[in-house]
Amino acid sequence: MIRDFTSNEFFAIVAGMQATIMLSLMAFFGGGLGGLAIALLRTAKLPWLRRTASIFIDFFQGTPLLMQLFLVYYGLPAFGYHVNIWVAAGLGLTLNASAFLGEIWRGGIQSVPRGQSEAATALGLGYMSRMRDVVLPQALRLSLAPTVGFLVQLIKGTSLAAVIGFVELSRSAQIVSSTTYKPLLAYGLAGACYFVLCFPLSRASAALERRLAARS
Amino acid sequence: MSSTSTAPNSTEQPLIVMGAVEKWFGTFQALRSVNLSVSKSEKIVLCGPSGSGKSTLIRCINHLESYQKGKIVVDGVSVTDNQKAIDVVRQEVGMVFQSFNLFPHMTVLQNCMLAPIRVRGSSKQEAEATARRYLDRVHIGNQADKYPAQLSGGQQQRVAIARALCMQPKVMLFDEPTSALDPEMVKEVLDTMIGLAQDGMTMICVTHEMGFARQVADRVIFMADGMILEEAPPETFFKSPNHPRAKQFLGEILAHH
């Protein structure tokens, strides 16, 4: 039966957008924590820590996000963990975001002049304080534009969660399209939703980059 | 400063002892059998051509650089690869860098308060009082709430000196503190250092400011190729250097002044 495109269908797509936002936030904050850990490991003194982080980054940057989502979704049950779709999609995207944010922030940490951490060391500050008080605040500021830029990629990346059955913006548009047989309208609306989310972030990222360039 | 520093060791015992220190960067030997002993309140000026190992020498004292052979003892604590010992030594040794290295995201006051709070465990009030006292002392107290980028180079370097003093160190190391400054700002930094010297601070200064050396130094040490080639009171060193390398170096330096 072909249904009409009513306000119900409209709100189904808007509900999908909410799921997309939620999933993006989960992945961004999870990936933020994971990325911080990866960035610190990548800049650690001990070679084997750097190496371990490197392998993690290489794997998640070197394989498609789609494969990573499949691996998490089918992999966890194989190890006896039956998790719901939110956890599977959230975890897959978190791991992926950790690798990319980790690499962005590693670059930020390494662009803080060496004299900064030397001065902190000479004052007697230990690693924790040196990082938290001196290096990371400067590194994150330097990485702000690419970080926001990556958030845009991440939001668009959540659409891949549809293939493991997660109903987010793309999947809800697909459902509406197949029930109303109005694909152009359904996908057009979904596209507009993505644009509303991503465009302001892209502009913000560009503005941040300009501001940073003007300051230095 | 002498009033605030407590000396657990007798005053006869040198504050810093370096014995046969050798340091390599890969295959390049940066320090060759360096022996140096610095007493409390002594002022040392280290000079020599660039690449002679002056900076490396003072950076070994607070273990910003490790060394491969010999020993360094600061106030009775041996600077080895033991992190605990290194932490203890760093608390007693202040350092001022050529490029200031103030923390740009913190105000002048915050720059001065960070280490006392984090390392010494001072309260905020205590740390602020100490910071304001030392900022006043380097005549920059009225700039406490500005960010480093809002200050001139000379002002930034004076803040860096105050920041190091806030840890109430027993020794101050200066690594070419005026080399990155515009000429008109050199004097304000040197005056601050002279004031510090007059208060009895133990100081090791890597500098090419020979006027400062004449006025303040107890000993001038001349280095080349990672070795200490000459060690003399400033009058002797400037009037009649012994080593041909020192003669050559002085000729080049003084030709510019």
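The values are calculated or read from the model by the stated rules, or taken from the named source; none is laboratory data. Since the structure is predicted, the reported quantities are computational estimates derived from the model, not experimental observations. Cβ: placed from backbone, ideal geometry, glycine included. Neighbour counts: every protein chain shown. Heavy atoms of the whole protein, side chains included, go into the accessibility calculation; ligands, DNA and RNA do not. Shrake-Rupley method; radii C 1.70, N 1.55, O 1.52, S 1.80 Å.
Under 7 Å between Cβ atoms, which residue pairs at least 6 apart in sequence (or on different chains) link something in region A:136-150 that is without any contact (Cβ under 8 Å) to a residue 24 or more places away in the chain and within 11 Å of chain B (Cβ to nearest Cβ) with a partner that is surrounded by fewer than 20 Cβ atoms within 10 Å (Cβ to Cβ) and assigned to a helix (DSSP H, G or I)?
So the pair list comes out empty.
Considering (1) more than 30 Å from residue B:95 (Cβ to Cβ); (2) open to solvent by less than 10 Å² (accessible area, probe 1.4 Å); (3) part of a helix (DSSP H, G or I), say which one residue A:200 fails and leave the rest.
Failing condition for residue A:200: (2).
Considering region A:96-127 alone, what residues qualify as being out of contact with any helix residue (DSSP H, G or I) (no Cβ under 6 Å at 6 or more places or on another chain) and either basic (Lys, Arg) or more than 9 Å from chain B (Cβ to nearest Cβ) (or both)?
A:107, A:110, A:114, A:127
Can you spot a residue in region A:151-159 that is more than 14 Å from chain B (Cβ to nearest Cβ), in contact with an Asp or Glu (Cβ under 6 Å, 6 or more places away or on another chain), buried (at least 21 other Cβ atoms within 10 Å of the Cβ) and in contact (Cβ under 8 Å) with a residue 40 or more places away in the chain?
yes
Against the condition without any contact (Cβ under 8 Å) to a residue 12 or more places away in the chain and out of contact with any Gly (no Cβ under 9 Å at 6 or more places or on another chain), how does residue A:18 come out, does it pass?
On the way: without any contact (Cβ under 8 Å) to a residue 12 or more places away in the chain: yes; out of contact with any Gly (no Cβ under 9 Å at 6 or more places or on another chain): yes.
For residue A:18, the condition - without any contact (Cβ under 8 Å) to a residue 12 or more places away in the chain and out of contact with any Gly (no Cβ under 9 Å at 6 or more places or on another chain) - is met.
Looking only at region B:66-89, count how many residues are assigned to a helix (DSSP H, G or I) and either within 16 Å of the chain's Cα centre (by Cα) or buried (at least 22 other Cβ atoms within 10 Å of the Cβ) (or both). Write out each step before concluding.
Start the filter on region B:66-89 by keeping residues that are assigned to a helix (DSSP H, G or I), which leaves B:83-89.
From what is left, the residues that are either within 16 Å of the chain's Cα centre (by Cα) or buried (at least 22 other Cβ atoms within 10 Å of the Cβ) (or both) are B:89.
Number of matching residues: 1.
Listed here are the residues, each with its yes/no results for (1) in a helix (DSSP H, G or I); (2) among the aliphatic types (A, V, I, L, M).
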{"position": "A:11", "(1), (2)": "yes, no"}
{"position": "A:26", "(1), (2)": "yes, yes"}
{"position": "A:31", "(1), (2)": "yes, no"}
{"position": "A:45", "(1), (2)": "no, no"}
{"position": "A:48", "(1), (2)": "yes, no"}
{"position": "A:77", "(1), (2)": "yes, no"}
{"position": "A:80", "(1), (2)": "no, no"}
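Out of all the residues in region A:160-175, which are assigned to a helix (DSSP H, G or I) and in contact (Cβ under 8 Å) with a residue 40 or more places away in the chain?
Looking only at region A:160-175, we keep the residues that are assigned to a helix (DSSP H, G or I), and these are A:160-164, A:169-175.
Result: A:160, A:161, A:163, A:164, A:169, A:170, A:171, A:172, A:173, A:175.
All but one of (1) out of contact with any helix residue (DSSP H, G or I) (no Cβ under 6 Å at 6 or more places or on another chain); (2) crowded, with 17+ Cβ neighbours inside 10 Å hold for residue B:62, so report the exception by its number.
Result: residue B:62 fails condition (1) only.
Quick check on region A:185-196. Is at least one of its residues open to solvent by 70 Å² or more (accessible area, probe 1.4 Å) and either within 14 Å of chain B (Cβ to nearest Cβ) or out of contact with any Ser or Thr (no Cβ under 9 Å at 6 or more places or on another chain) (or both)?
yes
I need the full set of residues from region B:139-191 which are within 14 Å of chain A (Cβ to nearest Cβ) and in a helix (DSSP H, G or I), in order please.
Taking region B:139-191 as the starting set, the residues that turn out to be within 14 Å of chain A (Cβ to nearest Cβ) are B:147-150, B:156-157, B:159-177, B:179-180.
Answer for region B:139-191, where residues must be within 14 Å of chain A (Cβ to nearest Cβ) and in a helix (DSSP H, G or I): B:148, B:149, B:150, B:156, B:157, B:159, B:160, B:161, B:162, B:163, B:164, B:165.
Which one of these is among the charged types (D, E, K, R), in contact (Cβ under 8 Å) with a residue 12 or more places away in the chain and either within 24 Å of residue B:202 (Cα to Cα) or open to solvent by less than 20 Å² (accessible area, probe 1.4 Å) (or both): B:137, B:133?
Details: B:133 fails: in contact (Cβ under 8 Å) with a residue 12 or more places away in the chain.
The match here is B:137.
Looking at residue A:209, is it of a type outside the set (Gly, Ala, Ser) and under 19 Å from residue B:148 (Cα atoms)?
The answer is no for residue A:209.
Among all residue pairs at least 6 apart or on different chains, which show Cβ distances below 6 Å where the first residue, located in region A:111-123, is closer than 15 Å to residue B:95 by Cα and assigned to a helix (DSSP H, G or I) and the second is of a type in the set (Lys, Arg) and open to solvent by 10 Å² or more (accessible area, probe 1.4 Å)?
Between residues of region A:111-123 that are closer than 15 Å to residue B:95 by Cα and assigned to a helix (DSSP H, G or I) and residues that are of a type in the set (Lys, Arg) and open to solvent by 10 Å² or more (accessible area, probe 1.4 Å), the close pairs are A:117/A:130; A:120/A:130.
Here is a yes/no grid of residues against (1) among the β-branched types (Val, Ile, Thr); (2) closer than 30 Å to residue A:178 by Cβ; (3) exposed (fewer than 15 other Cβ atoms within 10 Å of the Cβ):
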| position | (1), (2), (3) |
| --- | --- |
| A:11 | no, yes, yes |
| A:18 | no, yes, yes |
| A:26 | no, yes, no |
| A:51 | no, no, yes |
| A:88 | no, yes, no |
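State all residues of region B:120-130 that are away from chain A (no Cβ under 11 Å) and either charged (D, E, K, R) or open to solvent by less than 90 Å² (accessible area, probe 1.4 Å) (or both); if no residue qualifies, say none.
The answer is B:121, B:122, B:123, B:124, B:126, B:127, B:128, B:129, B:130.
Say we look at region B:90-119 and pick out the residues that are assigned to a helix (DSSP H, G or I), within 12 Å of residue A:122 (Cβ to Cβ) and facing another protein chain (nearest Cβ under 7 Å); which of these is least open to solvent (accessible area, probe 1.4 Å)?
B:115
Can you tell me how many residues in region A:28-46 are open to solvent by 80 Å² or more (accessible area, probe 1.4 Å) and more than 20 Å from residue A:198 (Cβ to Cβ)? Don't jump to the end; show me each part of the working.
To start, the set of residues in region A:28-46 that are open to solvent by 80 Å² or more (accessible area, probe 1.4 Å) comprises A:29, A:33, A:45-46.
Still in the list and also more than 20 Å from residue A:198 (Cβ to Cβ): A:33, A:45-46.
Result for region A:28-46: 3.
Identify the residue in region B:48-64 that is more than 12 Å from chain A (Cβ to nearest Cβ) and assigned to a helix (DSSP H, G or I) and, among all such residues, is farthest from residue B:243 (Cα to Cα). Outline the logic, then answer.
Keep residues of region B:48-64 that are more than 12 Å from chain A (Cβ to nearest Cβ), which gives B:48-54, B:56-57, B:60.
Next cut, assigned to a helix (DSSP H, G or I) only: B:54, B:56-57, B:60.
Values: B:54: 17, B:56: 22, B:57: 20, B:60: 25 Å.
Ranking the qualifying residues of region B:48-64, first place goes to B:60.
Which condition number in (1) in a helix (DSSP H, G or I); (2) at positive phi is the one that residue A:90 fails?
So residue A:90 meets the others, but not (2).
When you go through B:182, B:191, B:199, B:218 one by one, which is the residue that is under 23 Å from residue B:56 (Cα atoms) and open to solvent by 20 Å² or more (accessible area, probe 1.4 Å)?
When all the criteria are applied, what remains is B:218.
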